[in-house]
Structure formats: structure tokens, C-alpha cells
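Worksheet for the structure shown next.
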Amino acid sequence: MANVALIEAKKSNNRYLDFFPFEFDQFTLCSDPKVTKVLKKDVDLDFDSDAYEWVILIGSEPLKHFTKVTKVMDYAGTIVEDKFLPTINPSMLAFKPEAKNTWEKSIENICAYISGDKKKAEISEEVAFGIQNTEEVNEFIRAAIAADGDFVALDSETTALYPRNGHILGISMSYDGERACYIDADYIDEESESLLQELFDKKRIVFHNAKFDIPFFEYHFNVKFSRFEDTMLMHYVIDERPGTHGLKQLAMQLTDYGDYEKPMYDWMEQYRKERGILKDDFKWEWIPFDVMKTYAAIDALVTYQIFAKFEAALNRGNAKLKRVYQTILLPACRFLMDIQDNGVPFCRSRLGLSQDLMAEEIYEAADLLSQQEAIQRFQSDEGKEFNPNSVMQLRKVLFDYAGLEPTGITTEKGEHSTNSEVLEKLSTQHDIPRLILDVRKKSKIKNTYLDKIIPQLDADSRLRTNFNLHGTTSGRLSSSGKLNMQQIPRDNPIVKGCIRASEGHKIVAMDLTTAEVYVAAVLADDLELQEVFRSGGNFHSTIAHKVFRLDCEVEEVAEKYGSYRQAAKAVTFGIMYGAGPNKIAEQVTKDGGSMTVPEAKRVIKDYFGAFWKLEEWINEQQDFIRRNGHVYSYFGRKRRLPEGKNQPGQKPRDFNAQQSHAIRSGLNFLVQSAASDINLLGAVEAHSMIQTRGMKSRIFALVHDSVLAEVHLDEIDEYSNILRECIQRDRGIMIPGCPVGCDFEIGEDYSMGKFNASGIEL
């Protein structure tokens, strides 16, 4: 039997003999029981790793101490530096039950490595090789075409993140899951491109993140993909947690190749060190072909192996998840490639004007701030200029010099907080917090958006950024890259006004109206709530009229009973997010009304008195989550909520804050995910119809529940009708005779004319 050591950070009550069926010597990094978190200075372990064949490392601290690796979740159950076998600390399962699978799989792998049943794969020239010869390139592609299998794994190495900003260095391919090659792109000729197209027409092409690779292939090699698969999206439907979908992570978990890219990254580190190059300044094209080829080839090989496992899992597993992958994610992936390529149309001159305006407004707000008497006294006493970004200085100015009453919100150290929430509350008492918020808001707009957009525009003044299908647990799109479109300030016209249609076009923005409430009304089968939608009047006024039985016409509610309308609005949206009386009262007050917590309790009671089926449905879903620890959306997406599941012996309605949060997340998921998919599926279908008809109009972004398009003047009515038809299509989640609402705005720019009103002279 192998000689094994096990090391944990400090002594615990964990019974490792229950998990490992072999003998091992047990150690701790730190012997001091008073130490809570073991730092480098606390380590007093005298240990010779050479005395052991295998060393099991429990938790992140031992892993960091013995290796250069820091992410224990990524490396759990793998071999690090030939003998170290890391895993997570089982104690974390008490507060992070979703890690149970990682723990169990890592224990299985560790035992298999130590027993000899599992070995790290050897990477040889037979397994991973490179080609720098056009004839050999074409021969390999022909072999892939002739192979028996129906799919081929493909990958690319590029010099940039966007096809217009760089080129392909090489492509990796595996057609049997046993070997793979990396092809130098310099040796791909017209015949190679023709053979590649033949391959793509005949086989299913598998990528890991197809939305990245396919645009490069299509832009630089003049090829098209009639069909493709994506292991990243497959994993997303299997496990929707963000940050778990990287190829490296999955390869370490699901293949025998471990951290196969380490030698290449070691070379890069040495290269940078020798030449004094910062990590962010390193260029991918500096890596020699002979260094790159192995890493790149294995990318394709592990993609092939992972796909085989995922496809088998989806085929034998949950039909709902397979349907989400095939009918939502794959079509949406193709759609997002197209809208990313369309690009967001920006006006360079407006961006420049906006920069100048915002700089002037920041200066004026900062000047007003400096004139505040409390700040001047602070500067006189301290002998230095006030820095609003200093938490200590800000705390002193607000509470000592300005004499403001603390909100009761504190930091982890028990100090008075000065975060945005606190400043919002204090802004009703004094000008200083209001001015600080103003400076921060304007500075963020200038620094985060205006200053960064201009240098990233392509020659056609369009900005091409990313929209992601796998970035949220709800299924809503996220955005990343050159510009996060989901974070553009909604109420500020400056940035939105810089998104301007080209000549002969208009910006058309479609917004779903009260979509999540609409979905809830259908899912709950609440006929009373559905009738509110059918009535066609002002939604929140109608709700208030029904809930509170107001003695006026619906049209008069806003004028005569404005506070009731505010309360109805707060409850309607708050319930979807699990808001209680405290939150409801706070929201009504924030919206300009006034409501106490006892009043909020009565409002909620009256609300559910009117819409009792909605309350019944909410309770049913809560109970389902408590029993099962997961929930499915209408379209089949799964949201895993292990923290929400009842523990053995737990009493009914007895749950902690963590479980309550999980249950609220599940309820939110049910309505948010379905509403998001209605919007996404409608946009995908509309895009297809636009292409089929050969129209000049183009969708360029999905932002929250909005679809944004640059529409030709001659096609505005046609486009609007297409999009409305596709969004409102009956997908089985529709109020009879009353499709989900679509609001359209049309303007020269995304601000819909508010840009001019902001004071900028054009």
C-alpha cells in the first residue's frame, strides 16, 4: 500500500477514516488551537513531503502552502505537482451544501489515484501533436471527414477576443477522442478551407464556447456552420452555477489530463520574468508553436471527451434539460453571435461632447462640495484637503463635523457605514451626502462608460461586445467585454443618447410590461390577477382599486388614492422577490409615500385576500423547494437550491435566513426565468424572420426585458409587427385573449430624445 499523508489547516473533528479506506499519517499546518484562520506566519508544521508517495491536502490553506495553486474547488480530486491530492474541507458542507458533489467526486478520485485504479494521462506526441505543413493539414482534415464518428471537437487560438481585432493563430481538432492536433493557421490554404467546409457540413462540430470560436472561423476562413454543439452550454444546463463552466475546470474534473496547460503557463511566466513584461501586456502570439501545440491540441481532445459524457448524460437524464439546451440555448447562441456582430451603433461626436459635459458637471459638483461649511472646518482642523473617497474622512465629516444622525447601518468592524445606501438615507438631512452621491454617479458614467467606449469602437463606429447565456442562475442574459450593456444607467440619458441610429434608420426599443407579474398570474392560475391584465387599464391603479375596494373609478385612483396605488405597486413587485412588511413599507416611503410596518402587513393581507390563488401558488412552490432543494422553470431550466431543502428533523415553517434566501431565490427564478425566455425566444424568432425577408433592420442588443434594434425607416412598421408577433406568440404561458404587453419607443437615439433635453448642444 502507498505511503500517504493527510494535512489539514488545523485540528478538527472531521473523521477522515470514514472517507479514506487506507492508512495515512495525519498532520496540521498549525498546532495553535487559538488560531482561527491559518496564515503563513502561523504554520509550524515540520513536514518532509518526499517521505510520502501521496499527500492529501484538506482545504485551501494546505494547498496554498505546498503548491502554487490557490483554487481548491477547481483542483479538488486532481493531482497537483505529481503527488498532492487536494480536496475541499468537509466542514464547509454545513453552510455550502451545493459543494457536496465536489467533495464526493474528489474523494472518489483520490481513492482511485492512491489505489492505482486511476492514473494521470501521459501526454505524448502520439496523443497531442502539431502540423506545420499544408499537405499534412489537408490530409488530417480528410481523415476527420472520413472518420466513423458523427462529431469532431474544434478549438482556436487567437490574438484577440474579437474577430475584427485580431486573427487566428491556429486551430485544434480531435475526431476520435484519443488524439488531437494543433494546426498552424499559416499553413491553411484555399483547399484547406474547402475541406473544412466539407467537414462542417458532414459532422457535428463541438466547441467549448462556440460563440467565441465560430465568429473567428467565419470571419477569417470564409466558412459556415450549419450545426454545432457547445460543451459550455451543456454544462450550464447540467449545473447553472456561475463560474463553473471553464474548460480547464471541467477537464480536471472529468478527464485524466489534469492541469495540462501548466507547462505552457510556466513558460509564459518565465518569459515575462526574463523580459520584465507585465501579465496584462503579454501577447498570445509570442508563444512558440512548439510550446503552444500540446496545450492547444489537448483543448480539443478534452472537449471531445467531455462532450461524449455530457451528451450521454443528457440523453439518459432529464428530458427538460436536454430540451432547454436544444431549443433555447443553441438557437440563442447563434442569434447572439449575429447581434454581437451587428454591433451597438455609437455616435463619436456625441461621445466627445458628453465627455466634456460630464467633466464640467463633476467639477461643478465637487466645487459645491468643497464649499460646504463642515468640509471647510474639517480641512482647517486636519490641515489637508478632504478626500471623499476616504471612508475614514467621510465618516468624520458626516457624523462629527456635519453632526448627522447615524443610520444604524454598520461595517463588519462595527463602524458607522458610509456606503451608497447610507448616503441615500442621509441625503434627506444634509447636502454633503447628496453632493457626494452626485459626484460618484457622474464620475462613474464618465470613467466607466464614456472614456472607455471611444477607443474600443470599430472603424464603423460600432462597439462589439459580449452577451452571455451562461452568466446567471436565472437564465437572463449577462453582458461582458468591451461594454456591459446590462449596466448602462437606465435613467441617465447621456450614455443612452450616444447610442444613435445611422442615417436612414431609427432606434426601436421594445420593453415587456410587467412581464414577471404576468407570468406569475399564469403559473398561479390566478384568474383575478389575470383579469387585471385583461382590463387594459392602468395596471397598478387597477390592482389598488381591486385590493382596497376603492370608491372611485380606476382612472381616478392615481389622483385620489395615490398612496394606495404606491402600496399596491410595492406589494406587486415586492412579492415576486420575497419582500416582507419592512421592505414594502421602506419602498413606499422611498417612492414618496408614507407607510408603517403594521400598515404594510395589512396591505399584504388585503392583497392576498384579493389574489388568494397567487398566495396558494407561492406557498406550494416554497414547500416544493423545501422538500426537493430545486425547482424547474416553465421552460425546463433547473435551479438548484440545496440550502432551501429541509434538514432531517426540521419542523414545518422553521427555517433560517439561509434557507429563506434560497426559497426567495427560487420564487424569483420561476417568474424571472420564464419572462426572460419569452423575450429571448421571441427575439431569436424575430431575428430569423428579418434575415429570411432580407430586411435592412438589425437587432443589436437585449437589455433586461428590452430588445434594441436599428431599424430602417421603410421597415419600422414591418419590424415592429414581426417582433410583437414573435414576443406575444402563445408558448403555453399566456393569459387567454391577452398576450404579454409590449411597449415600443422609437427615436433617433436610445435616450428617445432625452439626450437633447440634458443640456448638450448638438
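Please indicate, with yes or no, whether at least one residue in the stretch 308-315 is in a helix (DSSP H, G or I), more than 24 Å from the chain's Cα centre (by Cα), surrounded by fewer than 19 Cβ atoms within 10 Å (Cβ to Cβ) and without any contact (Cβ under 8 Å) to a residue 24 or more places away in the chain.
yes
Would you list the strands (runs of 3 or more DSSP E) that sit entirely within the stretch 429-524 and hold 1 or more residues that are at pLDDT 90 or above and touching a Leu at 6+ places or on another chain (Cβ under 8 Å)?
On the way: elements: 466-468, 478-480, 505-513.
Correct list: 466-468, 505-513.
Of these, A709, A701, which one is within 16 Å of A332 (Cβ to Cβ), in contact (Cβ under 8 Å) with a residue 40 or more places away in the chain, outside any loop (DSSP other than H, G, I, E, B) and in contact with a Ser or Thr (Cβ under 9 Å, 6 or more places away or on another chain)?
Testing whether each residue is within 16 Å of A332 (Cβ to Cβ), in contact (Cβ under 8 Å) with a residue 40 or more places away in the chain, outside any loop (DSSP other than H, G, I, E, B) and in contact with a Ser or Thr (Cβ under 9 Å, 6 or more places away or on another chain) leaves just A701.
Of all residues in the stretch 525-536, count the ones that are of a type in the set (A, V, I, L, M) and in a loop (DSSP other than H, G, I, E, B).
Final tally of qualifying residues: 0.
Output the number of the condition that D155 fails; it satisfies all remaining conditions of (1) under 30 Å from L336 (Cα atoms); (2) surrounded by 15 or more Cβ atoms within 10 Å (Cβ to Cβ); (3) modelled with pLDDT under 95; (4) of a type outside the set (A, V, I, L, M, F, W, C).
Failed condition: (3).
I'm trying to understand the selection: among the residues of the stretch 13-30, which are out of contact with any Lys or Arg (no Cβ under 6 Å at 6 or more places or on another chain) and of a type in the set (S, T, N, Q)?
Correct list: N13, N14, Q26.
For the stretch 205-240, give me each residue that is over 29 Å from R639 (Cβ atoms) and of a type outside the set (A, V, I, L, M). So that I can check it myself, show each step before the final result.
Here is the first cut: in the stretch 205-240, the ones over 29 Å from R639 (Cβ atoms) are 205, 215-226.
Once the filter is applied, which keeps residues that are over 29 Å from R639 (Cβ atoms) and of a type outside the set (A, V, I, L, M), the stretch 205-240 yields P215, F216, F217, E218, Y219, H220, F221, N222, K224, F225, S226.
Cβ-Cβ distance below 9 Å, separation of 6 or more or different chains: which pairs start in the stretch 729-747 with a residue that is touching a residue at least 12 places away in the same chain (Cβ under 8 Å) and end on one that is exposed (fewer than 14 other Cβ atoms within 10 Å of the Cβ) and of a type in the set (F, W, Y)?
Correct list of pairs: empty, since none qualify.
Considering only the stretch 466-487, how many residues are of a type in the set (V, I, T) and crowded, with 21+ Cβ neighbours inside 10 Å?
The number of residues fulfilling the criteria is 0.
Please tell me if Y325 is under 28 Å from V707 (Cβ atoms), part of a helix (DSSP H, G or I) and modelled with pLDDT of 95 or more.
The answer is yes for Y325.
Out of S417, S390, report the one residue that is at pLDDT below 90 and crowded, with 17+ Cβ neighbours inside 10 Å.
S417
List the pairs whose first member sits in the stretch 323-343 and is small (G, A, S), whose second member is assigned to a loop (DSSP other than H, G, I, E, B), and whose Cβ atoms are under 7 Å apart, counting only residues at least 6 apart or on separate chains?
As it stands, the answer is A332/L469; G343/D458; G343/R464, since those pairs meet every condition given.
Taking D551 and the conditions (1) at pLDDT below 90; (2) part of a helix (DSSP H, G or I), which numbered condition does it fall short on, given that it satisfies the others?
Result: D551 fails condition (2) only.
Within the stretch 537-546, can you find the residues that are in contact (Cβ under 8 Å) with a residue 24 or more places away in the chain and either within 18 Å of E516 (Cβ to Cβ) or part of a loop (DSSP other than H, G, I, E, B) (or both)?
Those that are in contact (Cβ under 8 Å) with a residue 24 or more places away in the chain and either within 18 Å of E516 (Cβ to Cβ) or part of a loop (DSSP other than H, G, I, E, B) (or both): F539, H540, I543.
Tell me the residue from A657, A683 that is out of contact with any Cys (no Cβ under 7 Å at 6 or more places or on another chain), small (G, A, S) and farther than 28 Å from P345 by Cα, please.
A657
Scan the stretch 85-119 for residues that are within 27 Å of the chain's Cα centre (by Cα), outside any helix (DSSP H, G or I) and either surrounded by fewer than 16 Cβ atoms within 10 Å (Cβ to Cβ) or among the charged types (D, E, K, R) (or both) and jot them down.
F95, K96
Here are some residues: V43, V80, V55. Which one is more than 22 Å from E98 (Cβ to Cβ) and touching a helix residue (DSSP H, G or I) at 6+ places or on another chain (Cβ under 6 Å)?
V55
So which residues in the stretch 11-44 are among the hydrophobic types (A, V, I, L, M, F, W, C) and either under 40 Å from the mean Cα position of the chain (by Cα) or surrounded by fewer than 16 Cβ atoms within 10 Å (Cβ to Cβ) (or both)? Step through it out loud before you land on a result.
Let us first name the residues in the stretch 11-44 that are among the hydrophobic types (A, V, I, L, M, F, W, C), namely 17, 19-20, 22, 24, 27, 29-30, 35, 38-39, 43.
Listed by number, the residues that qualify are L17, F19, F20, F22, F27, L29, C30, V35, V38, L39, V43.
Give me the strands (runs of 3 or more DSSP E) completely within the stretch 1-81, filtered to those with at least 1 residues that are in contact with a His (Cβ under 6 Å, 6 or more places away or on another chain) and either of a type outside the set (K, R) or closer than 29 Å to E261 by Cβ (or both), ordered by residue number.
So the answer is none; nothing clears 1.
Sort through Y113, Y75, Y182 and tell me the only one that's aromatic (F, W, Y) and under 30 Å from Q340 (Cβ atoms).
Testing whether each residue is aromatic (F, W, Y) and under 30 Å from Q340 (Cβ atoms) leaves just Y182.
Tell me yes or no: at least one residue of the stretch 371-380 is more than 27 Å from G166 (Cβ to Cβ) and modelled with pLDDT of 95 or more.
No, there is no match, as no residue in the stretch 371-380 is more than 27 Å from G166 (Cβ to Cβ) and modelled with pLDDT of 95 or more.
If I ask for residues that are closer than 18 Å to N3 by Cβ and among the aliphatic types (A, V, I, L, M), which ones from the stretch 112-127 would you list?
A112, I114
More than 29 Å from D266 (Cβ to Cβ) and hydroxyl-bearing (S, T, Y), is that true of Y75?
The answer is no for Y75.
Among the residues of the stretch 120-143, write down those that are touching a residue at least 40 places away in the same chain (Cβ under 8 Å) and in a loop (DSSP other than H, G, I, E, B).
The answer is K120, A121, I123, E126, V127, Q132, N133.
Residues G592, G562: which one is surrounded by fewer than 21 Cβ atoms within 10 Å (Cβ to Cβ) and on the phi > 0 side of the Ramachandran plot? First the steps, then the outcome.
Working: G562 fails: on the phi > 0 side of the Ramachandran plot.
The conditions single out G592.
What number goes with the only condition from (1) within 30 Å of T428 (Cα to Cα); (2) buried (at least 16 other Cβ atoms within 10 Å of the Cβ); (3) touching a Pro at 6+ places or on another chain (Cβ under 6 Å) that G629 does not pass?
(1)
Give the residue that is farthest from D591 (Cα to Cα), with candidates limited to residues of the stretch 403-426 that are in a loop (DSSP other than H, G, I, E, B) and within 30 Å of the chain's Cα centre (by Cα).
Out of the qualifying residues, it is E412.
Looking at the stretch 646-657, is at least one residue of a type outside the set (A, V, I, L, M, F, W, C), outside the structural domain of T244 (by TED's automatic domain parsing) and surrounded by 20 or more Cβ atoms within 10 Å (Cβ to Cβ)? Before the answer, list the steps.
Going through the stretch 646-657, the residues of a type outside the set (A, V, I, L, M, F, W, C) turn out to be 646-654, 656.
Subsequent filtering for residues that are outside the structural domain of T244 (by TED's automatic domain parsing) retains 646-654, 656.
Cutting the leftovers down to surrounded by 20 or more Cβ atoms within 10 Å (Cβ to Cβ) gives us none.
No, every residue in the stretch 646-657 fails to be of a type outside the set (A, V, I, L, M, F, W, C), outside the structural domain of T244 (by TED's automatic domain parsing) and surrounded by 20 or more Cβ atoms within 10 Å (Cβ to Cβ).
Output the number of the condition that G636 fails; it satisfies all remaining conditions of (1) of a type in the set (G, A, S); (2) at pLDDT 95 or above; (3) part of a helix (DSSP H, G or I).
Every condition holds for G636 apart from (3).
The values are calculated or read from the model by the stated rules, or taken from the named source; none is laboratory data. The model shown is predicted, which means the values in this text are computed figures rather than measured ones. Neighbour counts run over all protein chains shown; Cβ positions are idealised from the backbone, glycine included.
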